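To start, the structure itself, in structure tokens.
The values are calculated or read from the model by the stated rules, or taken from the named source; none is laboratory data. Predicted model, so just to flag it, every value in this text is computed and none were measured. All Cβ positions, even for glycine, are placed from backbone atoms using ideal geometry, and neighbour counts span all protein chains on display.
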Amino acid sequence: MATVMLPRSLVAILPGAERRVEVAGGTIASVIDQLDEAIPGLRNRVLDAGPTIRQHLNVFVDGQRADLATVVSATGVVHIIPAVSGG
């Protein structure tokens, strides 16, 4: 099972969400679908219309920047990280 690490800010607003979630893998799009089945509302917090990954979020698979078509192996690690800005 692939491991998905969710940001604390997302876990805080989604009832039943945990920081670490195991999913079957596939592509980032299918991982988000699986997460939304387990944690209803997650898709709306991660994706914009299109669908595309929200501008203020970064998704990485095994340390590499990812998009919705990026393949996630059964042993892959996905990090969803909110963008940080300021100055």
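ILE32: in contact (Cβ under 8 Å) with a residue 24 or more places away in the chain, out of contact with any helix residue (DSSP H, G or I) (no Cβ under 8 Å at 6 or more places or on another chain) and not in a loop (DSSP other than H, G, I, E, B), yes or no?
No; evaluated as a whole, the condition is false for this residue.
Every residue in the range 46-74 that is in contact with a Gly (Cβ under 8 Å, 6 or more places away or on another chain) and touching a residue at least 24 places away in the same chain (Cβ under 8 Å), please.
VAL61, VAL71, VAL72, SER73, ALA74
Can you name the number of the only condition in (1) among the β-branched types (Val, Ile, Thr); (2) over 21 Å from VAL71 (Cβ atoms); (3) within 10 Å of the chain's Cα centre (by Cα) that VAL11 fails?
(3)
Filter the range 76-87 for residues that are at pLDDT 95 or above and not hydrophobic (A, V, I, L, M, F, W, C); which is surrounded by the most Cβ atoms within 10 Å (Cβ to Cβ)?
Of everything passing the filter in the range 76-87, GLY76 is surrounded by the most Cβ atoms within 10 Å (Cβ to Cβ).
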